[in-house]
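Single-structure report; data block below.
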Amino acid sequence: MLGPLCWFLFRAVKRSVWLTSLQCLPSGEPLPPGGLRKPDRSAGRLYQVEYAMEAIGHAGTCLGILANDGVLLAAERRNIHKLLDEVFFSEKIYKLNEDMACSVAGITSDANVLTNELRLIAQRYLLQYQEPIPCEQLVTALCDIKQAYTQFGGKRPFGVSLLYIGWDKHYGFQLYQSDPSGNYGGWKATCIGNNSAAAVSMLKQDYKEGEMTLKSALALAIKVLNKTMDVSKLSAEKVEIATLTRENGKTVIRVLRQKEVEQLIKNHEEEEAKAEREKKEKEQKEKDK
């Protein structure tokens, strides 16, 4: 008789703890009578997911641009230290397998867990089928894991959004974005992190569908970062760029060195100065008339 009663009490306590873990309204509000906090069913909101999205909004800017001859990721580096070796250290961009890479915005420790999981999924598929995993299938597999963390008690969502770039034989060059809720989508150009709304607006305006080459995509990425990053002057130390191209039937993922980024920034500044001169000359001609 005592055994079933103990089991019943154990189950009741376990369920109470599980319900308590679902208390995800903003802190500071008074608890309702009874002590348990209930989700806002009328709105259907998951507050922990909203908090994770909010954390991403304060992270460093990351953007991706799809071109005809490749795809790129560009990200803002906030951890700048002269003793860091740029060859071995990458703050925002991670290689996943021979055909894919990703950039992250949010909690770095969460990003490390997810990127390791992405690598494991890709290697298991390669071992089982003896061919690289399709890009969208890898993204979908990770998003299933991210979504599961939004519905179980005692867990919190991963506070990370990711941009994925890749190539496969089915769809060629691809760019995907996923958020903490587990939602994902394919994009031609997109941005996550700080000032992402302004960056997306610029990408909408300047992205030329069907005409975008990797060279013009790099110039556009520098232009967008220069306008959206909270710095007085853009420098190579604060920017990290990776490109994914195809050469001799193989995918090549390359992180640009600091000198290459400096040259891109210099080219952008020259273009800006040239445009400013032309604008002033045009205004002067109109005044003379």
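Considering each of E276, E271 in turn, give the residue that is farther than 24 Å from F173 by Cβ, surrounded by 13 or more Cβ atoms within 10 Å (Cβ to Cβ), more than 28 Å from the chain's Cα centre (by Cα) and not hydrophobic (A, V, I, L, M, F, W, C).
E271
Does the range 232-256 hold any residues that are of a type in the set (V, I, T) and either more than 20 Å from C102 (Cα to Cα) or touching a Phe, Trp or Tyr at 6+ places or on another chain (Cβ under 9 Å) (or both), and which are they?
Scanning the range 232-256 gives T245, T251.
State all residues of the range 122-137 that are closer than 10 Å to L96 by Cα and either free of Cβ contacts under 8 Å to residues at least 24 places away in the same chain or surrounded by 17 or more Cβ atoms within 10 Å (Cβ to Cβ) (or both); if no residue qualifies, say none.
Once the filter is applied, which keeps residues that are closer than 10 Å to L96 by Cα and either free of Cβ contacts under 8 Å to residues at least 24 places away in the same chain or surrounded by 17 or more Cβ atoms within 10 Å (Cβ to Cβ) (or both), the range 122-137 yields only A122.
When you check V239 against the structure, is it under 21 Å from the mean Cα position of the chain (by Cα) and either touching a residue at least 24 places away in the same chain (Cβ under 8 Å) or farther than 30 Å from I133 by Cα (or both), yes or no?
It is true that V239 is under 21 Å from the mean Cα position of the chain (by Cα) and either touching a residue at least 24 places away in the same chain (Cβ under 8 Å) or farther than 30 Å from I133 by Cα (or both).
In this structure, is I265 touching a residue at least 40 places away in the same chain (Cβ under 8 Å) and more than 24 Å from L96 (Cβ to Cβ)?
Taking the combined requirement at face value, the residue satisfies it.
Of the numbered conditions (1) in contact with a helix residue (DSSP H, G or I) (Cβ under 7 Å, 6 or more places away or on another chain); (2) surrounded by 22 or more Cβ atoms within 10 Å (Cβ to Cβ); (3) within 23 Å of I222 (Cα to Cα); (4) not β-branched (V, I, T), D206 fails exactly one; give the number of that condition.
Here D206 clears every test but (2).
Taking L118 as the residue in question, decide whether it is at pLDDT 95 or above, assigned to a strand (DSSP E or B) and among the aliphatic types (A, V, I, L, M).
The answer is no for L118.
Yes/no per residue for (1) under 13 Å from the mean Cα position of the chain (by Cα); (2) farther than 20 Å from K92 by Cα:
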site: T108; (1), (2): yes, no
site: E117; (1), (2): no, no
site: P134; (1), (2): no, yes
site: I145; (1), (2): no, yes
site: F158; (1), (2): yes, no
site: L162; (1), (2): yes, no
site: D168; (1), (2): no, yes
site: F173; (1), (2): no, yes
site: N194; (1), (2): yes, no
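Could you list, in sequence order, the residues of the range 147-180 that are among the aliphatic types (A, V, I, L, M) and surrounded by fewer than 22 Cβ atoms within 10 Å (Cβ to Cβ)?
Within the range 147-180, just A148 meets the criteria.
Is it true that S196 is touching a residue at least 60 places away in the same chain (Cβ under 8 Å), more than 14 Å from H268 (Cβ to Cβ) and among the small types (G, A, S)? Steps first, please.
Numbers: touching a residue at least 60 places away in the same chain (Cβ under 8 Å): yes; more than 14 Å from H268 (Cβ to Cβ): yes; among the small types (G, A, S): yes.
It is true that S196 is touching a residue at least 60 places away in the same chain (Cβ under 8 Å), more than 14 Å from H268 (Cβ to Cβ) and among the small types (G, A, S).
Out of the range 73-95, which residues are modelled with pLDDT of 85 or more and either part of a loop (DSSP other than H, G, I, E, B) or crowded, with 24+ Cβ neighbours inside 10 Å (or both)?
L73, A74, A75, E76, R77, K92
Only one of (1) in a loop (DSSP other than H, G, I, E, B); (2) in contact with a Gly (Cβ under 9 Å, 6 or more places away or on another chain) fails for G154. Which number is that?
So the condition that G154 fails would be (2).
Of the conditions (1) within 26 Å of T140 (Cβ to Cβ); (2) surrounded by fewer than 22 Cβ atoms within 10 Å (Cβ to Cβ); (3) touching a residue at least 40 places away in the same chain (Cβ under 8 Å); (4) hydrophobic (A, V, I, L, M, F, W, C), V252 fails just one. Which one is it?
Every listed condition holds for V252 apart from (3).
The values are calculated or read from the model by the stated rules, or taken from the named source; none is laboratory data. Model, not experiment: these values are computed from the prediction. Neighbour counts are summed over all protein chains in view; Cβ atoms, including those assigned to glycine, are modelled from backbone coordinates with ideal geometry.
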